[in-house]
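Structure first, commentary second.
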């Protein structure tokens, strides 16, 4: 091999290795596999997310949720955020009901590691901060591994 061909071969090999390293580490999406990672929240009844903007609380019919969430804290143990709560008043029935909105706070706790290694919050507590438009002033629901069959 001539020096020019050898240099070209080495250059191509180095460029290929750099591309492999670059593309294999390019996914910067936070993962929750290790216990040192921040837990995620199953926000749409199926997929876990970090600091979701919209959260469905009642997965059966999506009659209770929060949108435009802003998270003031998100740690390995808990997360706290505020947004606009939405609830269906189910008047005269849930199909024909009206969606009512008011400020809402969400508190996520009880992080657990699921069977697939993903770390999720398993308890969601919601509070209507300016009074509930319909129903109770707050409540809590289980979320997490079982919800996503993990």
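The values are calculated or read from the model by the stated rules, or taken from the named source; none is laboratory data. What you are looking at is a predicted structure, and each value in this text was computed from that prediction instead of being measured. We place every Cβ from the backbone using ideal geometry, glycine too, and count neighbours over all the protein chains shown.
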Among the residues of the range 47-57, which ones are touching a residue at least 60 places away in the same chain (Cβ under 8 Å) and part of a loop (DSSP other than H, G, I, E, B)?
47, 57
If residue 115 passes every condition in (1) more than 17 Å from residue 40 (Cα to Cα); (2) within 20 Å of the chain's Cα centre (by Cα); (3) not in a strand (DSSP E or B) but one, which one does it miss?
(1)
How many residues does the range 123-146 contain that are at pLDDT 95 or above and surrounded by 19 or more Cβ atoms within 10 Å (Cβ to Cβ)?
3
Against the condition under 16 Å from residue 64 (Cα atoms), in contact (Cβ under 8 Å) with a residue 60 or more places away in the chain and assigned by TED's automatic domain parsing to the domain that holds residue 65, how does residue 106 come out, does it pass?
no
Take the conditions touching a residue at least 60 places away in the same chain (Cβ under 8 Å), closer than 17 Å to residue 60 by Cα and in a loop (DSSP other than H, G, I, E, B) and apply them to residue 124. Does it pass?
no
